[in-house]
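Heads up: the structure comes next, in structure tokens.
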Amino acid sequence: MEMAAWEIWVRSTALSHFVLKQGQWLWPLCETLHFLGLSLLIGTVGYFDLRVLGVVKGMAPAELHRLIPWGIAGYFLNLLTGVVFFFGYPEQYAYNTAFHFKLLFMTVAAANAALFYTAAFRDVRVLRADQAASPRARVITGISLLCWIGVLTCGRLLTFYRPPFFH
Amino acid sequence: MDAFFAYLENSALSTWIREADTVFAFQAILVLHTLGMGLLAGGNAAIDLQILRARRPFAPGAFERWFPVLWGSFALSAMSGLLLLIAYPTKALTNPLFYVKLACVALAMWVMQLISRKVLKESARGKYLATVSLLLWIAVIGAGRLLAYTYTRLLVHFSHPGM
């Protein structure tokens, strides 16, 4: 299969050369950071969603929400390490159905987060520890939880669905 | 030990996890283990970072109900981890790093108990405990990831071709 123009460019960058040359230590390091980042995201946003859904009880959502900046930090850590992975082996991702679905889940999660802050956060942040959230807030956080689990699932299983060709 | 590994690997459960032609065997367990890691290590790391960086980390008593939930996440991680261990006992148990990972998990859970008792309930600062906890969870994640790179035997009768 012919290499596409974008892939020729990606492979010509200094970052791509660096990843391929130093992969033996850089790859496991970035994987560890990527797992740490996903943990921060799931370990904050995930619990917040579970609380609004009513699965986890007895905590004010506003208190859990104070941890979310650490989840956002994890998200950006993963964007950064994700770029390292992509520039190292672009074809492993670009032609991988699991990666396509991962991007799709990320996009829906982002739009859904925007919806949450415009349509539900004002009601959720005043809830006391044992108060139930509105149906609307539950639907939105339910979608959030499913999307992030989708991102995690597609990412973790990505290498099982590598394209059969390597450049 | 090899007889024990062979016994486990020949069991119906172990064989099914390894060889079943469905994503709901090995792959699903792997995803559950990753989800458990995220909820357990991530939940702890976020609390640690909050203790280390925030001026007023928590409202008094607000997080008392959090720790049973973290134990629930521990149960998810431990049970999915046990199934992965049953699938590949030789791979894990012949790798010294696996025992390092288990020791770090045990220490981290102990520190989590100390934080829940001392730091959150008494509103003490606990930056020392939070630092230790954060480093332990990073070590757990790092060791777990490196297990895929450092094993010398895959199955009792089949070693990794590259090793």
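Comparison of B:PHE63, B:PHE24 shows that the only residue that is of a type in the set (Phe, Trp, Tyr) and surrounded by fewer than 20 Cβ atoms within 10 Å (Cβ to Cβ) is B:PHE24.
Against the definition (more than 12 Å from chain A (Cβ to nearest Cβ), assigned to a helix (DSSP H, G or I) and of a type in the set (A, V, I, L, M, F, W, C)), how does B:PHE98 come out, yes or no? Yes. Of the residues making up segment A:90-98, one or more are among the hydroxyl-bearing types (Ser, Thr, Tyr), in contact (Cβ under 8 Å) with a residue 60 or more places away in the chain and more than 14 Å from every other protein chain (Cβ to nearest Cβ).
Number of residues in segment B:66-78 that are hydrophobic (A, V, I, L, M, F, W, C) and either surrounded by 23 or more Cβ atoms within 10 Å (Cβ to Cβ) or at the interface with another protein chain (Cβ under 8 Å from one of its Cβ atoms) (or both) equals 2. Looking only at residues in segment A:13-48 that are surrounded by 14 or more Cβ atoms within 10 Å (Cβ to Cβ) and among the aromatic types (Phe, Trp, Tyr), the one that is farthest from the other protein chains (Cβ to nearest Cβ) is A:PHE18.
Residue-by-condition table, conditions (1) within 15 Å of the chain's Cα centre (by Cα); (2) away from chain A (no Cβ under 12 Å); (3) farther than 24 Å from A:ALA129 by Cβ; (4) buried (at least 18 other Cβ atoms within 10 Å of the Cβ):
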site	(1), (2), (3), (4)
B:LEU84	yes, yes, yes, yes
B:LYS91	no, yes, yes, yes
B:ALA130	no, yes, no, yes
B:SER133	yes, yes, yes, yes
B:ALA139	yes, no, yes, yes
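Can you go through A:VAL52, A:VAL84, A:VAL10, A:VAL56 and tell me which one is in contact with a Phe, Trp or Tyr (Cβ under 7 Å, 6 or more places away or on another chain), buried (at least 18 other Cβ atoms within 10 Å of the Cβ) and assigned to a helix (DSSP H, G or I)? Within the list A:VAL52, A:VAL84, A:VAL10, A:VAL56, the selection yields A:VAL10.
Within the bounds of segment A:144-156, is there any residue that is exposed (fewer than 13 other Cβ atoms within 10 Å of the Cβ) and among the aliphatic types (A, V, I, L, M)? No, every residue in segment A:144-156 fails to be exposed (fewer than 13 other Cβ atoms within 10 Å of the Cβ) and among the aliphatic types (A, V, I, L, M).
Coordinate-derived values only; no laboratory data. A quick note: this is a predicted structure, and the numbers were derived from the prediction, not measured. Every residue, glycine among them, receives a Cβ derived from its backbone with ideal geometry; neighbour counts consider all protein chains shown.
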